[in-house]
Amino acid sequence: MNFNWFKLASPPAFYTLAGRLIPILWGLTIILLVTGLYWGFFETVSQLGGNNPQKEYYRIIFIHVPSAWMSMWLYFVMVVWAAIGLIFNTRLSFMMANAIAPTGAIFTFLALWTGAFWGRPSWGTYWDWDPRLTSELVLFFMYIGYMALHSAIDDVRRADRASALLAIVGLVMVPVIFWSINCPDPNQCAALHQRSNLTKIDSDILFAMLTMTFAFWAYSFAATFIRLRTIILHRDADSVWVRELFTNGGR
Amino acid sequence: MSEFLAQGGYAFFIWSAYGMAALLLVIEVVQLRTQYKAIVARVIRAARLRQQF
Amino acid sequence: MKPRQQRLIFIGLAIIGIGAASTLAITALNSNISYFFSPSQVLANEAPQDHVFRLGGLVTTGTLIRQPESLTVHFDVTDNAKTVKVVYTGILPDLFSEGKGVVTKGKLGADGVFYAEEVLAKHDEEYVPPEVASTLKTAHAEGVTHSNPPSPPAGANN
């Protein structure tokens, strides 16, 4: 069966497809959230041992790590869509990038906020200019810069292109910042935030954390698709397909 | 239940973190629905107006 | 609010956002100032004199002295090569303990003692329940989870 992927690049086709997927994504989100939160609070130890004897506050890990991962992943995906838009000049790609940005910004903020409330009881401070924390803050400014620049330019097509360029430049900067300071050998580099190693995590804790990550991922899809449908309707409000879709009482 | 809420004395930190996450995600969802409904209403109104002509 | 004012605000925000990101990025890349200095670096006079800086390392085991009836503590920070004495008045973080990592901010006194104004405890990337940690150490077991820890036989020395 031949499937023409480029058909999906048309706003009306994606509008309908997204509309069908959204309820499924919400269902997934709820199931994963409930599972992840239940597991994290009731199937794990309340205090840790070993080299990292944290007390109950360690449970912030179940939203902190998923938020941080989503903040970075969503930025990457946003840039991919921005690049596709610039290369193929497809409107929908730019709309997708715009749909992702606010959700990405929220997860970045949450990574910083939850990190602060975890840092205070564990390290002893809400904030520190450690390389990893600073990098995440930079990422937050990147998202804000992207959204603000897009809002500042009247012509939507020019706004799309300008902010797409900014996002791409941002993507180059982020790993440069991150790895220039977080060099591979921890004995050579100074930092407060530890490096991550999934193999050193208890399986119940890891399960809850990964479940929450997938929950946030499903949530991001749902939120982004809703926002995208809104953007599509805004931009194509005067078009024939929108008129026809809503003339018959459609949604 | 109160033991769960107390979280070993670290309630402030845990619930501040989880609370903000819940708050922001709920706000985002509510805002998304509001914006979507607004644009749909606008488009339906415009479609109806056109029909009358 | 007029559209033009709104646009100005957005442009302002964009500039601030980009500006802040770039400033942080450039500072980080160009910076010759380490995030923290090790005891070896401090003793080699690489750390700034008369200036607040961060000292990082491990708390030497057996050196933590709490003064009675005060919040003042003394401890040594080492990188397993050189050691610096630290004095701090305040509450130590929950994860602070001898033999573990620490990042402390303060000034080096003329007496060679580091006068700390802030002490932060470091921790590593391990997240394990208490029983598993000792089981792993003694039994060298792999993949043992907390749901089925081996019960130690009576009289075993752990």
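The values are calculated or read from the model by the stated rules, or taken from the named source; none is laboratory data. Bear in mind the structure is a predicted one, so any value in this text is a computation, not a measurement. With ideal geometry, Cβ positions are generated from the backbone for all residues, glycine too; neighbour counts draw on all protein chains shown.
If you go through region A:110-141 and keep only what is among the charged types (D, E, K, R) and more than 9 Å from every other protein chain (Cβ to nearest Cβ), you end up with A:132, A:136.
Filtering region A:212-243 to residues that are in a helix (DSSP H, G or I), of a type in the set (Gly, Ala, Ser) and surrounded by fewer than 21 Cβ atoms within 10 Å (Cβ to Cβ) leaves only A:218. Among the residues of region A:90-137, those identified as acidic (Asp, Glu) and over 22 Å from residue B:25 (Cβ atoms) are A:128, A:130.
Of all residues in region A:37-64, those being within 10 Å of chain C (Cβ to nearest Cβ) and of a type in the set (A, V, I, L, M) number 3.
The set of residues from region A:163-210 being modelled with pLDDT of 85 or more and hydroxyl-bearing (Ser, Thr, Tyr) comprises A:163, A:199, A:203.
Would it be correct to say that residue A:208 is within 30 Å of residue A:53 (Cα to Cα), part of a helix (DSSP H, G or I) and within 14 Å of chain C (Cβ to nearest Cβ)? So residue A:208 passes the test.
Considering region A:34-72, the residues that are in a helix (DSSP H, G or I) and in contact with a strand residue (DSSP E or B) (Cβ under 9 Å, 6 or more places away or on another chain) include one that is farthest from residue C:95 (Cα to Cα), namely A:61.
Taken together, the residues in region A:19-47 that are without any contact (Cβ under 8 Å) to a residue 60 or more places away in the chain, closer than 18 Å to residue A:207 by Cβ and more than 21 Å from the chain's Cα centre (by Cα) amount to 4.
Kindly indicate whether residue C:13 is at pLDDT below 90 and either facing another protein chain (nearest Cβ under 8 Å) or at positive phi (or both). Against the criterion (at pLDDT below 90 and either facing another protein chain (nearest Cβ under 8 Å) or at positive phi (or both)), residue C:13 qualifies.
Scan region A:83-100 and tell me whether some residue there is assigned to a helix (DSSP H, G or I), aromatic (Phe, Trp, Tyr) and under 16 Å from the mean Cα position of the chain (by Cα). Looking through region A:83-100, none of the residues is assigned to a helix (DSSP H, G or I), aromatic (Phe, Trp, Tyr) and under 16 Å from the mean Cα position of the chain (by Cα). Residues of region B:25-49 being over 13 Å from the mean Cα position of the chain (by Cα) and surrounded by 11 or more Cβ atoms within 10 Å (Cβ to Cβ), which ones? Correct list: B:37, B:38, B:39, B:40, B:41, B:42, B:43, B:44, B:45, B:46, B:47, B:48. A search for C-beta distances below 8 Å between a residue of region C:44-59 that is surrounded by fewer than 21 Cβ atoms within 10 Å (Cβ to Cβ) and any residue that is among the polar types (S, T, N, Q), counting only pairs 6+ apart in sequence or on different chains, returns C:58/C:78; C:58/C:80.
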